[in-house]
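Worksheet for the structure shown next.
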Amino acid sequence: MRLRELIINLYRKSATSIPSDIEDALSTAFNKEKGISKKAIKIILENINSSRVKQKPICQDTGVPIFFVKNQHCLSQAYIEKEIISATKIATKAIPLRPNAVDIISGINSGDNTGNGFPIIYFEETKSKELIIDLILKGAGSENVSQLYKLPDEKLNAERNFEGVERCILDSIFKAQGKGCPPYIIAVGIGATKDQVTKLSKEQLKRRLDDTNKDPLLNNMENRILEKINTLGIGPLGLGGKTTAFSVKIGLNHRHPASYFVDVSIACWAHRRASLICRFKDEEKVEISSFKIIN
Amino acid sequence: MSKIEKAKIINLPLSKEDVLNLHTGDFVLINGVIVTGRDKIHEYLFKKTKEEIKLKYDLKGSIIYHCGPIVKKSKEGYSVISAGPTTSMRMEMYEHALISRYGIRGIMGKGGMGEKTHKSMIEYGCVYLNTIGGAATYLAERVDKVLDVWMLEEFGMVEAMWILKVKDFPSIVTMDTYGNNLHKKIKNTSSKTLKRLFKHIHQNI
């Protein structure tokens, strides 16, 4: 099987089903919530089931595709990129995905989800014998409520410490309210430059809800902030209730003495992430011997 | 629970009296013809006069749905694959004028809208309907038929105005003609909680 076909299947898996950890969390939320919020979650759960059975997109906004590729040193980056672009065009028609790539000057939608920097592809070389391609279909509703902070922030009384970071995260969810389709999955990146922290926060979006931070200090912080967010009362879809977020995940990089950037990336409940893991038969890395697609 | 079990059935087009019977917190099932319209449609309808444009469907008494659907074309015509709501707040600049100019009785989307829109809703008789964000397959299943499409060539599939016949399309009234606004209420409550959290933040770090 050609890599391109596997990436099309990766798109299908990602667009039409949501990971089991998130579905479980939604079921838990259903039991916790009352009234219209409960009714909304019931419809969400029925939608997940219907989308999976009919193989149709969970949400009409099939988002910006963000690929994280971990490739072996002998595998050509240009080849993988070509396969991703080609798969994107086919998947857009076949699944179908909503065409979301709009030219900024002409305002014209390319119609196939490809364009300048679209889809987004990050490469990283590994020593592993497997090629791993993670895909997130990032919805715009939740992306639009994401925030980038620069500490210190006088308005929030946020200094350059973890208390300041906590203020930023709480502020971002307060500002988001129900606009980005909660319950949210919240991912934070802290570091030296704007571009670096926004990528770092997106990487945290790949973590499963039950994934614990290796650093006990950060792990505590993630749990503590999540608990506080869920006291805000925003609730499912902003209709009020106990479940405003499912998780908070934090990633750190070193910072510059003069800079302290905090990026808060927010994902909607329909957090579509999936991974393709494959091995190649031969040294030339053309024939694929085995693969799996999970989410 | 009793309130949600007793869903209110809405049959379109709506009269002003119908709208006055809708209250924040009502769970409704919509039946009849609605139209989609998001960023481009709103800007266009706002900037052009009523005489300058030729709508394919009279919006009087109808619902405008903030949605950019996935629509498939086949020999039998168009069918809606996926049709959840988009964030309504982006239309805030334009909506108030559309309500007064076209007699729209329902604005449907997600996340609620601002003061300008709510003022227009109260004045002309219109409600905000918050439908289920992300439930795109479920909602598409409640679209019976695509009746027509307007501005498809100019704006493309996502931004065009789709004229849809819906059946038992679920939604929740979150802003009504009596000045009640669930989004505002929740924002105010969460603002108080946030202030309290900020005040005591140093105690547990």
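Each reported figure results from applying straightforward, stated rules to the coordinates on display, with no laboratory input. Bear in mind that the values here come from a model prediction, so they are computed numbers and not experimental data. Note that we place each Cβ from the backbone using ideal geometry, even for glycine, and neighbour counts take in every protein chain shown.
In whole Å, how far is the Cα centre of segment A:133-160 from that of segment A:11-67? With segment A:133-160 and segment A:11-67 each reduced to a Cα centre, they are spaced 23 Å. Stokes-Einstein diffusion for the protein assembly as shown, with the hydrodynamic radius set to the Kirkwood value over Cα pairs and evaluated at 25 °C in a medium of 0.890 mPa s, equals 104 µm²/s. Mean partner shielding of peptide B:61-74, defined as the number of other chain Cβ atoms within 10 Å of each residue Cβ, is 2.
Split chain B at each of the GluC sites (Glu not before Pro) in a DSSP loop with at most 14 other beta carbon atoms within 10 Å, and the longest piece is B:77-205. Just tell me which lysines come within less than 21 Å, Cα to Cα, of B:Lys72; anything on the same chain fewer than 8 places away is out. Correct list for B:Lys72: A:Lys13, A:Lys54, A:Lys56, A:Lys89, A:Lys93, B:Lys40, B:Lys56, B:Lys145, B:Lys165, B:Lys167. Label zone (B:His202, point 7 Å along Cα-to-C-beta; backbone nitrogen cut-off 20 Å) within segment A:162-194: A:162-171. Projecting the Cα positions of B:Asn31, B:Gly112, B:Val19 onto the charge dipole of chain B (unit charges on Cβ atoms of Lys, Arg, Asp and Glu, taken about the Cα centre) puts B:Gly112 furthest along the positive direction. What trypsin sites (Lys or Arg not before Pro) does segment B:30-119 have in DSSP loop regions with at most 14 other beta carbons within 10 Å? Of the trypsin sites (Lys or Arg not before Pro), the ones in loops of segment B:30-119 whose Cβ has at most 14 other Cβ atoms within 10 Å are B:Lys48, B:Lys50, B:Lys54, B:Lys56, B:Lys60, B:Lys75. Against chain A, whose longest principal axis comes from its Cα atoms, helix A:20-32 is set at around 30 degrees.
For chain A, the C-alpha radius of gyration sits at 1.02 times the compact-globule guess of 2.2 N^0.38 Å, with N the residue count.
Scanning the protein assembly as shown for cysteines with no neighbouring cysteine C-beta under 4.7 angstrom from their C-beta gives A:Cys59, A:Cys74, A:Cys168, A:Cys278, B:Cys67, B:Cys126. Loop-resident chymotrypsin sites (Phe, Trp or Tyr not before Pro) (DSSP state other than H, G, I, E or B) in segment A:96-168 with no more than 16 further Cβ atoms inside 10 Å of their Cβ are absent. Cα centroid distance between segment B:120-167 and segment B:49-70, in Å? Cα centroid of segment B:120-167 versus Cα centroid of segment B:49-70: 9 Å apart.
Helices in chain B that qualify as membrane-span-like (whole DSSP H runs, Cα extent of at least 24 Å along the helix axis, mean Kyte-Doolittle hydropathy of -0.5 or higher) do not occur. Rounded to the nearest 10 degrees, the inclination of helix A:35-54 to the longest alpha-carbon principal axis of chain A is 10 degrees. Partner shielding of B:75-88 amounts to 4, given as the average count of beta-carbon atoms from other chains within 10 Å of each residue beta-carbon.
Count neighbours as other Cβ atoms within 10 Å of each site's Cβ, and list the trypsin sites (Lys or Arg not before Pro) in segment A:100-142 that are DSSP loop with at most 16 such neighbours.
Working: sites: A:Lys127, A:Lys129, A:Lys138; in loops: A:Lys127, A:Lys129.
Listed in order of number, the matching sites are A:Lys127, A:Lys129.
Based on Cβ point charges of +1 for Lys and Arg and -1 for Asp and Glu, what charge dipole magnitude is obtained for segment A:141-267 about its Cα centre, in debye rounded to the nearest 20? Walk me through the numbers on the way to the answer.
Details: 18 positive and 15 negative charges, 40 e Å.
My answer is approximately 200 debye.
Let a ≥ b ≥ c be the square roots of the eigenvalues of the Cα gyration tensor of segment A:160-295; is it rounded (a/c under 1.5), or, if not, prolate (a/b larger than b/c) or oblate? Please list the in-between numbers first.
Details: a/c = 2.41, a/b = 1.46, b/c = 1.65.
It comes out oblate by the Cα gyration axes.
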